[in-house]
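Report on the following structure.
The values are calculated or read from the model by the stated rules, or taken from the named source; none is laboratory data. Predicted model only: the values in this text are computed from it and were never measured. Cβ placement follows ideal geometry from the backbone for every residue including glycine, while neighbour counts extend to all protein chains displayed. Ligands, DNA and RNA are excluded from the accessible area calculation, which covers all protein heavy atoms including side chains. Shrake-Rupley method; radii C 1.70, N 1.55, O 1.52, S 1.80 Å.
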Amino acid sequence: MLLLPFQLLAVLFPGGDSEDAFQGPTSYHVIQISSFANSTLAHTEASGWLDDLQIHGWNSDSGTAILLKPWSKGNFSVEEFAELEEIFRVYLHKFTQIMKVYVTLFQMKYPMEVQAIAGCELHSGGSTVSFLRKAEEGLDFLRFENDTCVPAPDGGKRAQHVCKLIMNYHAFKNTVMKFLFNTCPQYLLGVLEAGKAELQRQVKPEAWLSSGPSPGPGRLLLVCHVSGFYPKPVRVRWMRGEQEQPGTWHSDLLPNADWTWYLRVTLDVAAGEAAGLSCRVKHSSLEGQDIILHWGQPISIGLIFLAIIVLSLILLLCLALWYKRRW
């Protein structure tokens, strides 16, 4: 019963039935983190995500959803979305009450934290799969498979007992299942269509090279930075000619504030072996024209000549301004 209402949250977010109609994010999920300091003090944070992109927040003071994009309601009307907000407000109230009983029943101690994730995703062939999982203190507690609550092995008897409680509340369970398996797919399809222009945009990456802290005597750490690209999938490799170099290290893909991504790829090499290496960046926005940056590539004579001309013009302009002010 602790988790079922959270499936209602998945209700706030439905999905599609045609992967050919949309190429981009393929899932919507809601994350809930509830912290209980004691029997009277509780706080919940909730957020809604399309894959790795957050499109909803939750204002726990006003009990309303925070729309992070103009299209965050999908194709839901204002009234339909307001109804879902009310469902979640009621859920949070009941969840807090249930947790108090739960802690007393199993003689648990405060403080404690409960996490849950629920939503739906598009699979190949256009089918949608809904899911709900719950954890306590970072450990798996239970999940739903189809319309059945399944206790996690680490949850022990407590998880088994909670699953029985959930399955015995038939009317409530059926309502939750309707939301999870009907409303969520509908919402996902609608929000993907509403945000299609932004979600399917192509933003070309910028790339540059630098050296990192020396790994040791006579060695270099080559760093290839790639930033500002969207969508997320990207392939970055250190190459020698057409041969990919082993031993490269990829950082995590990190989000920028504008919904683009940043990645850093490093290679530890002997100083004498750095010449001839290059960083190759492959991304859908480049349309097959990979970015290739060569390590230690000399500056061309043309670029040097251009730089001299620009500096000379700047110097002449400064002299002219100085002469004009003086006279």
> Mind checking whether some residue in segment 72-82 is of a type outside the set (D, E, K, R) and more than 22 Å from Glu198 (Cβ to Cβ)?
Replying inline: yes
> (1) at pLDDT 95 or above; (2) closer than 30 Å to Leu199 by Cα; (3) open to solvent by 40 Å² or more (accessible area, probe 1.4 Å): which one isn't true of Pro255, the others all being true?
Replying inline: (1)
> Looking at segment 267-289, which of the residues that are charged (D, E, K, R) and not in a strand (DSSP E or B) is surrounded by the fewest Cβ atoms within 10 Å (Cβ to Cβ)?
Replying inline: Glu287
>> Return the residues of segment 177-232 that are touching a strand residue (DSSP E or B) at 6+ places or on another chain (Cβ under 8 Å), under 30 Å from Ala116 (Cα atoms), hydrophobic (A, V, I, L, M, F, W, C) and open to solvent by less than 40 Å² (accessible area, probe 1.4 Å); say none if nothing qualifies.
In response: Leu180, Cys184, Leu188, Val191, Leu192, Leu199
> Right, Arg235: at pLDDT 95 or above, closer than 30 Å to Leu68 by Cα and not polar (S, T, N, Q) or not?
Replying inline: yes
>> So Tyr91 ticks every box in (1) at pLDDT 85 or above; (2) open to solvent by less than 20 Å² (accessible area, probe 1.4 Å); (3) within 18 Å of Ser47 (Cα to Cα); (4) not basic (Lys, Arg) but one. Which box is left unticked?
In response: (1)
> Of these, Glu113, Glu79, which one is modelled with pLDDT of 80 or more and either in a helix (DSSP H, G or I) or within 16 Å of Tyr28 (Cα to Cα) (or both)?
Replying inline: Glu79
> Do you know which residues across segment 148-172 are of a type outside the set (A, V, I, L, M), open to solvent by less than 100 Å² (accessible area, probe 1.4 Å) and under 19 Å from Phe106 (Cα atoms)?
Replying inline: Pro151, Gly155, Gly156, Arg158, Gln160, His161, Cys163
>> Take residues that are more than 30 Å from Trp295 (Cβ to Cβ) and tell me which of the strands (runs of 3 or more DSSP E) falling wholly in segment 136-233 contain 1 or more.
In response: 139-145, 148-151
>> I'd like to know if segment 124-132 contains one or more residues that are part of a strand (DSSP E or B), in contact with a strand residue (DSSP E or B) (Cβ under 6 Å, 6 or more places away or on another chain) and modelled with pLDDT of 80 or more.
In response: no
>> Exactly one condition in (1) open to solvent by 20 Å² or more (accessible area, probe 1.4 Å); (2) touching a residue at least 40 places away in the same chain (Cβ under 8 Å); (3) among the polar types (S, T, N, Q); (4) under 25 Å from Gln160 (Cα atoms) is false for Gln107; which is it?
In response: (2)
> Looking at segment 1-58, which of the residues that are of a type in the set (Asp, Glu), part of a loop (DSSP other than H, G, I, E, B) and modelled with pLDDT of 85 or more is surrounded by the most Cβ atoms within 10 Å (Cβ to Cβ)?
Replying inline: Asp51
> Can you find even one residue in segment 169-181 that is of a type outside the set (Lys, Arg) and at pLDDT 80 or above?
Replying inline: yes
> Pick from Arg240, Arg264: which is buried (at least 18 other Cβ atoms within 10 Å of the Cβ), over 23 Å from Leu50 (Cβ atoms) and among the charged types (D, E, K, R)?
Replying inline: Arg264
> Would it be correct to say that Ile66 is farther than 24 Å from Glu198 by Cα and either surrounded by 15 or more Cβ atoms within 10 Å (Cβ to Cβ) or touching a Lys or Arg at 6+ places or on another chain (Cβ under 6 Å) (or both)?
Replying inline: no
